[in-house]
Amino acid sequence: MPENSEDPENSARPENSAGPEQPARPEGSANPEGSEKSVSSEKLPKASSSQDSEESRQGEKAGEPAEQAAAEAPVAAGPSGRRRLAAALWPPRVTRAQLIVALLLFVLGLGLAIQVSSTSENSALRGARQEDLVRILDELDDRTQRLEDEKARLEKQRTELESSSDQAEEARKQTQEKERQLGILAGTVAAEGPGITLTVGDPSGAVESDMLLDAIQELRAAGAEAIQVNGVRVVADSYFTGSGDDMRIDGTKVAAPYVFKVIGKPEDLEPALNIPGGVVQTLEKEQATAAVERAPKIVVDALRPAKRPDYAQSSSQ
C-alpha cells in the first residue's frame with residue numbers, strides 16, 4: 001500500500017474536516033489553512049487508490065509472464081518421455097543374476113529343441129497301426145532272444161573247454177566249427193537253411209543302388225546269415241553302384257528283377273521288410289514291386305574266392 005494511506009495524520013484530517021461538530025463558515029471567509037487541508041484530504045485517498053490499482057495491474061502484467069515461463073520451463077528444459085525410456089533401456093545394465101537366468105533359459109531351449117527333433121524323427125512310428133507296432137515289438141524281442149542264445153552258446157563253449165579232459169581236441173573241434181561259420185559269412189563256402197526269397201521288380205527303372213543296399217542292411221539287422229542277389233554272394237565288404245539298366249554289385253552287372261536269397265529265421269526276416277516306412281513301402285513308392293516268400297530251405301551257393309592277406313600274418317606260434 002502507498003505511504004499516504006498509512007499516515008495517521010492524513011487519515012485523521014479528513015475526519016476533522018468532514019466532522020459535524022465544526023460550525024458552518026460564511027462563503028466569503030478565507031481560511032487558507034483549512035482549504036489546504038481539505039484539498040489535501042480530498043485528493044489523497046484518490047491518489048492512493050489510483051496508485052494501488054496501477055501497481056496491481058503492473059503486478060499482474062509482470063506475474064503473467066513469470067507464471068507462463070514457470071509453466072513452460074519444465075517442458076522446454078526436461079527430457080521427453082521417449083528419451084527417458086531410451087536412456088533407461090540403453091545401454092543395458094546386466095546383473096550377474098540376469099546373466100545366470102539367461103544362460104539357464106538358453107540351455108532349457110536347446111534341450112527342448114533337441115527333444116522335438118528326436119521326437120519328429122520317430123513320426124513314422126506314430127502313424128503306424130497297432131498291428132505294425134506289435135510286429136515291430138516282436139521283432140525286437142526276437143533280436144534280443146538271438147543275442148541271448150549267442151551268449152549262452154559262447155558260455156557253453158567256454159565251459160566245455162574248461163571241463164574237458166582233452167582240451168586240445170575240444171579246442172580243435174570248436175576251431176573247425178568257427179571256421180565253417182566264418183566261411184559262410186565270408187562267402188567262401190555254400191550254405192543252406194530256412195529263409196526267405198525277396199523279388200524286386202523294376203518296370204520303370206526307378207530303383208537306385210541305395211535302395212538295394214537298404215534292403216541288405218535291414219536283412220542283416222534281422223539276423224540274415226547268408227545273402228545272394230542274382231548269383232552274386234553278398235558279404236560284409238560288398239558294394240552297390242549304378243541304377244536302372246546299369247546296376248552293379250561288387251562290379252558285377254545285375255538286371256531286374258532282383259532276386260534276394262536269404263538264409264535266416266523267416267519269422268524275423270519277413271516282418272523286418274514290411275515295417276512301416278521300410279523296404280517294401282519305399283520300393284512301392286518308386287513304382288517298383290516287392291514280393292516276400294518264406295521257404296523251409298534256401299540254398300546260397302554263389303561263392304567268393306578266399307583272399308589271402310598281403311601283409312598280415314598269424315602271430316600264434
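The values are calculated or read from the model by the stated rules, or taken from the named source; none is laboratory data. Quick caveat, the model's predicted, so the values are computed rather than measured. Here Cβ is always computed from backbone atoms with ideal geometry, including for glycine, and neighbour counts include all displayed protein chains. Accessible surface is based on the protein model in full, side chains and every heavy atom, while ligands, DNA and RNA are left aside. Shrake-Rupley method; radii C 1.70, N 1.55, O 1.52, S 1.80 Å.
Observations on the structure shown:
- Tensor-based shape of the range 194-297 (alpha-carbon gyration tensor, a/c under 1.5 rounded, otherwise prolate or oblate): oblate
- Fully extending the segment from residue 286 to residue 303 would add 3.0 nm, taking 0.36 nm per residue of separation and subtracting the current Cα-Cα distance.
- Average silhouette area of the range 148-252, convex hull of alpha-carbon atoms, in square nanometres: 8.3 nm²
- Sequence-separation-based contact order of the range 226-282, relative, with Cα cut under 8 Å and 6+ spacing, percent: 29 percent
- Residue 297 accessible area, assembled protein chains, probe 1.4 Å, Å²: 130 Å²
- Fully extending the segment from residue 145 to residue 113, taken as 0.36 nm per residue of separation minus the present Cα-Cα distance, adds 8.0 nm.
- For the peptides 276-282, 193-199, 138-144, 91-97, the ranking by mean Cβ contacts within 10 Å, running from highest to lowest, is 193-199, 276-282, 138-144, 91-97.
- Pairs with C-alpha atoms separated by more than 29 Å, drawn from the list 173/253; 178/253; 151/265, are 173/253; 178/253.
- Note on residue 250/residue 179: beta-carbon distance plugged into 1/(1 + (r/R0)^6) with R0 of 30 Å gives a FRET efficiency of 0.80.
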